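Below is one structure; the comments refer to it alone.
The values are calculated or read from the model by the stated rules, or taken from the named source; none is laboratory data. What you see is a predicted model, and the numbers here were worked out from it, not measured in a lab. Every residue, glycine among them, receives a Cβ derived from its backbone with ideal geometry; neighbour counts consider all protein chains shown. Surface accessibility is based on the protein's heavy atoms, side chains included, excluding ligands, DNA and RNA. Shrake-Rupley method; radii C 1.70, N 1.55, O 1.52, S 1.80 Å.
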Amino acid sequence: MKSPQDIILRPVITERSMAGIHSKKYTFAVAIDANKIEIGKAVESLFAGTKVEKVNTMHVRGKMKRMGRYSGYTAKWKKAIVTLSGDSKGIEFFESMM
């Protein structure tokens, strides 16, 4: 069994992810082999007072990058958008950025 720190890797901080905070949607980079149930439980255990209502996941493809004549791809990763229930409190890390 994985620990919650192994499932939730880092928060995703973009303009679009910050716009979702008002509707209690938070975006995280997660482990590629993590499923929705594991992601929901990890968020509830890492952030006290939160109740996960819904989890949406997507795979982000690696982009083609070039350095002179050499080319390659950036790493692929998995993104999760976690929606909290209306009565749960928000995640302080994201709230402090607004």
Unmet requirement for His22, which otherwise passes all of (1) assigned to a helix (DSSP H, G or I); (2) at pLDDT 95 or above; (3) out of contact with any helix residue (DSSP H, G or I) (no Cβ under 7 Å at 6 or more places or on another chain); (4) of a type outside the set (Gly, Ala, Ser): (2)
Counted residues, segment 38-84 - those being hydrophobic (A, V, I, L, M, F, W, C), in contact (Cβ under 8 Å) with a residue 12 or more places away in the chain and either assigned to a strand (DSSP E or B) or open to solvent by 70 Å² or more (accessible area, probe 1.4 Å) (or both): 10
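Any idea how many residues of segment 1-19 are of a type in the set (A, V, I, L, M, F, W, C), assigned to a helix (DSSP H, G or I) and without any contact (Cβ under 8 Å) to a residue 12 or more places away in the chain? So that I can check it myself, show each step before the final result.
Let us first name the residues in segment 1-19 that are of a type in the set (A, V, I, L, M, F, W, C), namely 1, 7-9, 12-13, 18-19.
After this cut, where a residue has to be assigned to a helix (DSSP H, G or I) as well, the list is 7, 18-19.
From what's left, without any contact (Cβ under 8 Å) to a residue 12 or more places away in the chain: 19.
Result for segment 1-19: 1.
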Filter result (open to solvent by less than 50 Å² (accessible area, probe 1.4 Å) and in a loop (DSSP other than H, G, I, E, B)) within segment 85-98: Ser85, Ser88, Gly90, Ile91
Number of the condition not met by Ala34 [criteria: (1) assigned to a strand (DSSP E or B); (2) buried (at least 16 other Cβ atoms within 10 Å of the Cβ)]: (1)
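Scanning segment 10-19 for residues that are closer than 23 Å to Ala75 by Cβ and out of contact with any helix residue (DSSP H, G or I) (no Cβ under 9 Å at 6 or more places or on another chain), which turns out surrounded by the most Cβ atoms within 10 Å (Cβ to Cβ)? Reasoning before the result, please.
Of all residues in segment 10-19, those closer than 23 Å to Ala75 by Cβ come to 10-17.
Those still in the list that are out of contact with any helix residue (DSSP H, G or I) (no Cβ under 9 Å at 6 or more places or on another chain) too: 10, 12, 14-16.
Working: Arg10: 9, Val12: 18, Thr14: 9, Glu15: 6, Arg16: 8.
Going through the qualifying residues, I end up with Val12.
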